[in-house]
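Computed from the coordinates by the stated procedures, all read-outs in this text should not be read as laboratory data. The model shown is predicted, which means the values in this text are computed figures rather than measured ones. Glycine also receives a Cβ, built like all others from the backbone with ideal geometry; neighbour counts cover every protein chain displayed.
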Amino acid sequence: MRIVTLSKHLSLLLLLALSASVSGLAQTTQTAAKKPKQADEDASSAKAAELRTVDALRAYTPTNTGDNSGGDDRNYYTFDHRYGGMRGTPFLVAGWRKGEVHLDHNQVVRNVSLKYDLYRHGLLALQPSGDSIIVGLDRVQEFVIHDVHVTNTGSLAEDRRFRRYADAPEAKLSREHFEVLSEGGRATLLKLMRKELQRANRESAYGSSQVQDVMLDKAEYFVRNADGHIRPLKLNRKALLAALPEYVEQVQEAITKYGQPVQKEADVISVVAILNSGVPVGSK
């Protein structure tokens, strides 16, 4: 009886082992068959995540701040992709660009990948791990983004410098980071850039609809004189003369020397460069 019982147990064990082996083989075969499909799904998911975080902004919510205050100590943002996506980008340029960051106490971080978020006024830095962090702009004196423009004749490198003038008499402007367009001893031409989100409108009384959110570029211009005052500026001759009352004659001479109408950004950059010609930064 003991031998019979043992044989039954052995048979049962063999049957269970065989069943497990067949089941395992079937699962391995199914897993192998799913690998290409899974890879495609992972690639699609990664692409969708990239769209959500870079070019498909719908809601932009600060998180992980501890107190949900949305202050500059936040570590990252979350994005929500809905409707028909978004046209444009919240960043100065869509891709990562090398640059440098000048912090308080004369600390400089060089050769770091940066993105400047003009929608939420934040500077993103790429870590070696591939994660990005938000740099607190209240601790940044200046940062430079090495931008590259592709033209018909090749590529053009450009250093775009953004600076905070903490000593500006105008308190509100002392917290901003201006792009420095032209700098010299008499005047510094500044540009304050923003992005505004125009939300999609899927229902229209007139039968048309905007299915995409659109990022709109906004810019204001200012001129900083040798005494540190920052004044708003329109892109025309009259406004430039009014913004620099201490240099009316010199500005008029610079405009005459330029010899073209003052109507756009490039015109004002040229006139200010002529105005500063031969007058180093720090002089009056």
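Packing here is the average count of other Cβ atoms within 10 Å per residue, and on that basis the peptides 227-234, 182-189, highest first, run 182-189, 227-234.
Each of the peptides 254-266, 136-148 was scored by the mean count of other Cβ atoms within 10 Å over its residues; in descending order, highest first, they stand as 136-148, 254-266.
Summing Lys and Arg as +1 and Asp and Glu as -1 over all other residues whose Cβ lies under 11 Å from the Cβ of Y116 gives a net charge of +2.
Label reach from V148 (point 7 Å along Cα→C-beta): in region 84-114, amide nitrogens under 20 Å belong to 91-101, 110-114.
Placing unit charges on the Cβ atoms of the charged side chains and taking the dipole of region 166-284 about its Cα centre, the candidate lying farthest along the positive direction among S277, L240, A187 is L240.
Under a Cβ-Cβ cut-off of 15 Å, what is the net charge of the residues other than P261 that fall near it, where Lys and Arg count +1 and Asp and Glu count -1? The partial results should precede the final answer.
Values: positive: K234, R237, K238, K257, K264; negative: E265, D267.
Summing Lys and Arg as +1 and Asp and Glu as -1 gives +3.
Computed extension gain for D159 through L216, at 0.36 nm per residue and net of the alpha carbon distance, reaches 18.2 nm.
Determine the dipole magnitude for region 221-284: charges of +1 sit on the beta-carbon of Lys and Arg, -1 on that of Asp and Glu, nothing else is charged, the reference point is the Cα centre, and the result goes in debye to the nearest 20. Mind showing how you got there, number by number?
Details: 8 positive and 6 negative charges, 34 e Å.
In total the dipole reaches around 160 debye.
Rounded to the nearest 20 Debye, what is the dipole magnitude of region 166-284 about its Cα centre when Lys and Arg each give +1 and Asp and Glu each give -1 at the C-beta?
160
Three principal axis extents of region 166-284 based on alpha-carbon atoms, in descending order, are 59, 35, 19 Å.
Exceeding 25 Å between C-alpha atoms, which entries from my cross-link table qualify? They are K195/K234; K98/K172; K172/K257. List each step's numbers first, then the result.
Numbers: K195/K234 19 Å; K98/K172 29 Å; K172/K257 35 Å.
With Cα atoms farther than 25 Å apart: K98/K172; K172/K257.
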